[in-house]
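The values are calculated or read from the model by the stated rules, or taken from the named source; none is laboratory data. Everything numeric here is computed off the predicted structure, so don't read it as measured data. Note that we place each Cβ from the backbone using ideal geometry, even for glycine, and neighbour counts take in every protein chain shown.
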Amino acid sequence: MNATQEHLREKLKVALSKAFGDDYSNTDPILVPASNPKFGDFQANMALSLAKKLGQKPRDIANQVVDNLDVSDICEKPEIAGPGFINLRLQTSYLEAQLNSIQKDERLGVPIAKQPKREVVDFSSPNIAKEMHVGHLRSTIIGDAIARILEFRGHDVIRLNHVGDWGTQFGMLITNLREVSPEALTTANALDIGDLVNFYKQAKKRFDEDEDFQEKSRNEVVKLQAGAEDTIHAWKLLCEQSRKEFQVIYDLLDIKVKERGESFYNPLLPEVVEDLDKAGLLESSDGAKVVFLEGFKNREGEPLPLIVQKSDGGYNYATTDLAALRYRIRQDEAKRLIYVTDAGQANHFAGVFQVANRANWIPEDVEIVHVPFGLVLGEDGKKLKTRSGETVRLRDLLDEAVSRCREDLETRLKEEEEREETEEFIANVAKVVGISAVKYADLSQNRTGNYKFSFDKMLALKGNTAPYMLYAYARTQSISRKADIDYDNLGENIKIMLKEEAELTLAKHILQLDEVIAEVEQELLPNRLCEYLYQLSEKFNQFFENCPVLKSEEPVKTSRLALCDLTARTLKLGLNSLGIEVLERM
Ligand code: ARG
């Protein structure tokens with residue numbers, strides 16, 4: 001809800017209590033956005049829900065509310081419609097004043113949160129020596145967008161990469177490393193074993209086939225847990241190699257993460273189990289230490305356990321998450337913990353959160369949310385695979401998006417004979433459009449559903465796509481170039497005037513940015529912001545078709561230029577908050 005809505009709500013409350021007494025001042029639906037612009041901008045529909053309580057006709061109630069309602073400062077005269085709806089229409093002069101004021105504001109009227117807080121966003125989080133797959137890509141893109149929006153609202157965001165850098169799989173990886181690359185372990189040189197994913201497959205194969213290798217691997221696990229120097233050295237080499245590969249992707253995507261992998265929490269794990277015991281939650285099941293979950297049953301109807309210590313004494317993914325959760329609350333002092341992973345982990349997190357809750361580890365002022373997302377599917381509706389059936393490498397996927405954009409651009413340049421562009425320009429446009437297309441395609445979907453990965457769709461120039469949005473932005477910039485006008489120098493006292501319907505529609509939309517951002521901050525659904533920006537581009541196109549800008553006389557011309565500028569800045573701010581760069585020309 002933005003300031004305008006809040007203001008109207010307060011006025012309605014006053015009117016209600018004047019008409020019927022304080023008890024009625026909060027009756028919902030006190031204010032909703034009008035479903036159709038014909039009805040104005042907002043509707044107050046509480047007359048219907050009050051009818052029974054007051055034993056009066058809704059229309060009479062609406063009349064009494066309106067008689068006591070003073071919104072003349074920002075609205076036209078309220079109108080009563082149908083059985084008792086109160087229609088409110090904002091005055092044009094009010095909208096103009098709002099626009100004139102955000103026009104001077106770098107944040108375009110989006111306030112800093114009233115109570116900025118520390119928030120942890122746990123996202124990306126691939127596993128060492130394994131493929132960073134499309135699921136991790138979704139987590140990376142969605143998590144980054146959420147983090148950016150929170151940061152823009154002034155929150156102190158810790159962007160945590162909860163890398164899977166610990167576990168028994170390191171036994172076989174280290175054993176394999178000793179055999180294929182013994183020199184790596186003794187020299188100070190960086191490790192070079194090429195593709196880590198193939199290395200992983202090789203190690204796994206040998207582990208499955210060779211008993212001697214298995215024995216050695218188990219031994220390495222024991223040494224790793226005991227902190228033996230040479231084993232830790234080998235483990236570090238493997239992590240370092242993966243880190244470098246992940247970093248290539250983060251650089252391509254322009255995404256910042258702070259690595260704090262699973263291994264970080266190792267020293268804290270025994271205490272987690274002890275404290276669960278002290279809290280009386282721990283039970284034994286087949287030699288393992290577990291907490292039985294409330295409300296979770298297996299197929300046989302038996303209660304499901306969350307295992308926190310295996311029968312061999314080892315800890316697991318859940319124990320680590322319990323330790324991480326405590327650390328983030330106690331040491332990081334975060335007030336909201338956000339976990340961005342695929343929906344397949346919903347039960348894991350529900351279990352972890354429940355146990356933490358029952359152990360009383362979550363103070364009242366701390367909020368913990370799992371932000372799940374669906375699968376990435378190929379165009380055939382099945383799990384995304386290459387033609388030969390392999391998992392798709394992220395690097396290849398991003399490279400392909402960029403190279404397709406490059407081809408498109410080069411074709412266009414051939415058609416436009418007068419245009420010459422440098423290699424630098426071409427490379428940059430291809431990169432920005434390609435990467436943005438992948439990000440935007442992901443973000444514009446409601447994340448809870450599965451989404452089909454289609455280059456053709458995400459690169460289309462029409463529809464809710466990155467190229468469409470980037471063109472809309474570039475168009476606003478070409479207007480100013482054409483007229484040789486610098487939007488920043490339109491003058492101190494620009495007066496935006498709204499005369500045409502298309503101007504009003506565009507203006508009202510621009511003024512909803514604060515509301516949309518606040519909503520995404522709460523609900524953590526970046527697709528809402530995408531939808532808003534998409535509508536903004538459409539409304540801008542309508543305006544541009546119907547309202548001449550450069551051909552108008554002053555003062556209309558400057559007013560319209562200012563609307564172009566405001567649209568451009570809104571688009572840029574919105575796209576940037578999603579992690580998408582804009583282009584001045586493309
Ligand atoms: N490494 C995990 C995976 O690849 C994701 C970790 C998510 N974060 C967490 N705190 N569990 O599935």
Selection count where residues are over 20 Å from Asn100 (Cβ atoms) and assigned to a helix (DSSP H, G or I), scope segment 544-572: 3
Output the residues belonging to segment 250-259 that are under 17 Å from Leu578 (Cα atoms) and surrounded by 13 or more Cβ atoms within 10 Å (Cβ to Cβ). Tyr250, Leu252, Leu253, Asp254, Ile255, Val257
Looking at Lys508, Lys499, which one is basic (Lys, Arg) and surrounded by fewer than 17 Cβ atoms within 10 Å (Cβ to Cβ)? Lys499
Scanning segment 142-186 residue by residue, the ones that are within 15 Å of the ligand (Cβ to nearest atom) and either at pLDDT 95 or above or buried (at least 22 other Cβ atoms within 10 Å of the Cβ) (or both) total 15
List, please: which pairs have Cβ atoms under 7 Å, are six or more places apart or on different chains, and start with a residue in segment 338-359 that is touching a residue at least 60 places away in the same chain (Cβ under 8 Å) and end with one that is among the charged types (D, E, K, R) and surrounded by 16 or more Cβ atoms within 10 Å (Cβ to Cβ)? Ile338/Glu119; Ile338/Asp122; Tyr339/Asp122; Val340/Asp122; Ala359/Asp275
Find the residue count for segment 449-466, including only residues that are buried (at least 18 other Cβ atoms within 10 Å of the Cβ), part of a helix (DSSP H, G or I) and either basic (Lys, Arg) or in contact (Cβ under 8 Å) with a residue 60 or more places away in the chain (or both). 1
Going through segment 478-494 one residue at a time, which ones are surrounded by 14 or more Cβ atoms within 10 Å (Cβ to Cβ) and either at pLDDT 95 or above or in a loop (DSSP other than H, G, I, E, B) (or both)? Ile485, Leu490, Ile494
Suppose we keep only residues that are more than 12 Å from the ligand (Cβ to nearest atom) and crowded, with 16+ Cβ neighbours inside 10 Å within segment 344-358. Which one would you say is farthest from His370 (Cα to Cα)? Arg358
Among the residues of segment 416-448, which ones are surrounded by fewer than 20 Cβ atoms within 10 Å (Cβ to Cβ), of a type outside the set (Gly, Ala, Ser) and in a helix (DSSP H, G or I)? Glu423, Glu424, Phe425, Ile426, Asn428, Lys431
Just give me the residues in segment 552-586 being without any contact (Cβ under 8 Å) to a residue 12 or more places away in the chain and in contact with a helix residue (DSSP H, G or I) (Cβ under 8 Å, 6 or more places away or on another chain), in sequence order. Ser552
